[in-house]
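I'd like to ask some things about the structure below.
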Amino acid sequence: MRLQTRLRNGGTWSPIAAATYLLDHESASSSNLIISEVMYHPTDPTPLEDFSGFKSSNVFEYLELTNTSTSTIDLSGAKFTRGIQFDFNTLSPDARLLSPQESVLLVKNREGFARRHSDINEATVLGQYTGKLSNDGERLTLENAEGEDIVDLNYNDGEA
């Protein structure tokens, strides 16, 4: 809930003061949100996928995010700042809420993802990110509105 207020002293009004309050959920943080899957080097397009216009394997990339807590979490203000680009504030306020234990997806290309993963409910796809997941691995950083890390991880094919 967003609350805005100001005070009147005689004939003079104060500037507007605003604050956002989370009533039945908590902000996303490193203690309640993880990247549970990184599909960063998908297999090459099948002949049928290629014929359908999906010429590059990177259109099949995706990330899975999971709320690991027993509370609903709010992704408002969160954004990926390294690796890929995605700002959760581009979503509707309801879409930014993840129920307890809920998993959602960010995809490189909605149509490519739907083509290859027709068995996965489209409702789990929150949005489409920009950029590309490096096939050699890289660092992904998801930050909150204050610039604090929610998730900061390196992925690659080698050893950790």
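Taking amide H atoms as placed 1.01 Å from N in the peptide plane, list the residues 5 or more away in sequence, or in a different chain, whose amide H sits under 5 Å from that of Ile84.
Thr141
Can you show me the helix-derived [θ] at 222 nm for the chain, built from DSSP H runs with n ≥ 4 at -39,500 (n - 2.57) apiece and divided by the number of residues, rounded to the nearest 500. Don't skip to the end; give the middle numbers.
Values: 2 runs with 12 residues, N = 160.
Mean residue ellipticity at 222 nm (helix-derived): -1500 deg cm²/dmol.
Could you work out the relative contact order of region 1-132? I mean the mean sequence separation of Cα pairs under 8 Å and 6+ apart, divided by the number of residues, in percent. It would help to have the intermediate numbers written out before the result.
Working: 231 pairs, mean separation 28.5, N = 132.
Over region 1-132, the number comes to 22 percent.
Distance between Cα centroids, region 37-74 to region 113-132: provide it in whole Å.
Taking the Cα centre of region 113-132 as reference, the centre of region 37-74 is 6 Å away.
I would also like to ask the following. Give me the net charge of Ser69's neighbourhood, meaning all other residues with Cβ under 12 Å from the Cβ of Ser69; Lys, Arg count +1, Asp, Glu -1.
Values: positive: none; negative: Glu26, Asp74, Glu102.
So the surrounding residues net to -3.
If you take the charge dipole of the chain about its Cα centre, with +1 on Lys and Arg Cβ and -1 on Asp and Glu Cβ, which of Ala78, Trp13, Gln101 is farthest toward its positive end?
In the chain, that residue is Trp13.
To continue, here is another question. How big is the antiparallel share of DSSP beta bridges in region 1-144, given as a percent to the nearest 5?
Roughly 85 percent of the DSSP beta bridges within region 1-144 come out antiparallel.
Pick out, in residue order, every one of the trypsin sites (Lys or Arg not before Pro) in region 58-160 that is DSSP loop and has at most 16 other C-beta atoms within 10 Å; say none if there are none. Show your work: numbers first, answer last.
Working: sites: Lys79, Arg82, Arg96, Lys108, Arg110, Arg115, Arg116, Lys132, Arg139; in loops: Lys108, Lys132.
Answer by residue number: Lys132.
If I take R0 = 30 Å and measure r between the Cβ atoms of Glu146 and Glu64 in this structure, what FRET efficiency does the formula 1/(1 + (r/R0)^6) give, to the nearest 0.05?
Details: r = 25 Å, r/R0 = 0.82.
Calculated value: 0.75.
Each value in this text was obtained by applying a stated rule to the coordinates, not by laboratory testing. Keep in mind it's a predicted model, so treat the numbers as computed, not measured. No Cβ is skipped: glycine too gets one built from the backbone with ideal geometry, and neighbour counts run over all protein chains shown.
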